[in-house]
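Each remark here refers to the structure printed beneath this line.
The values are calculated or read from the model by the stated rules, or taken from the named source; none is laboratory data. What you see is a predicted model; the values in this text were computed from it and never measured. Please note: Cβ atoms are built from the backbone with ideal geometry, for glycine as well, and neighbour counts cover all protein chains shown.
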Amino acid sequence: MTTKSLSQGAPKATKNAGKSVAKEGEEILLASDMIRLGARLQVLQAETSLSYDRLSRLYREIKGCSPPKGMLPFSVDWFMTWLPNIHSSVFYGVYRYLDNYTPAKKTRALIEAYRLYLEQASVGRPANSDEEPVLSFTRAWMLIRFFESGLVQLSHCTRCTGGFIAHAHDPQHDFVCAICRPPPRAGKTRNRKAHAL
Ligand SMILES: [Zn+2]
């Protein structure tokens, strides 16, 4: 088992000594919820102070298999393509609302918002559909990181007034969203916006 590359991303893991049992219980609950929603181990490490070993044991208990290895999907451009942009914007709108106006904050807001997103995304699908949601939990988490680090912004559509994810510093005054103006070949994910700044 090579754990070193993954545990590097968890500076909090060294703070375990002296942690209260109640706090640890709370973090195990949070981590369990995130695992059920499909979170990768790196996400759990960033959102809790539980050790890599504890988290991967918890992962195996819940999922019945080892956590997947490898890099997280790190692409801002993915969120700008047509269908991902719509799904991510819906998710982020819910997340921001929960984080701002309800007792659910941060990680809890992420979990609740993602559950609500899944409910919305599955509307109209057969109940037994195994199809993967467009926005995975790990990408939803990445999106919040991208907002926090100022890589993306919410632009408001001049037609429907909805807030949609856009590259930071994209001009906003004549922004039209992906629903009001779908690309000619909507559904093909290679349609990149070429902004002449
Ligand atoms: Zn619009």
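Observations, loosely collected:
- If the condition is being within 10 Å of the ligand (Cβ to nearest atom) and touching a Ser or Thr at 6+ places or on another chain (Cβ under 6 Å), then region 149-167 contributes only F164.
- Flag for R125 being farther than 29 Å from E27 by Cβ, within 16 Å of the ligand (Cβ to nearest atom), more than 19 Å from the chain's Cα centre (by Cα) and not in a helix (DSSP H, G or I): no
- Of the residues W78, W82, the single one that is out of contact with any Cys (no Cβ under 7 Å at 6 or more places or on another chain) and modelled with pLDDT of 95 or more is W78.
- Unique residue being of a type in the set (A, V, I, L, M), in a loop (DSSP other than H, G, I, E, B), within 16 Å of the ligand (Cβ to nearest atom) and at pLDDT below 95 when the list is A178, A196: A178
- Failed criterion for E61 (all others in (1) under 20 Å from G38 (Cβ atoms); (2) within 19 Å of the chain's Cα centre (by Cα) hold): (2)
- With respect to the conditions (1) part of a helix (DSSP H, G or I); (2) loosely packed, with under 15 Cβ neighbours inside 10 Å, S89 falls short on a single one, namely (2).
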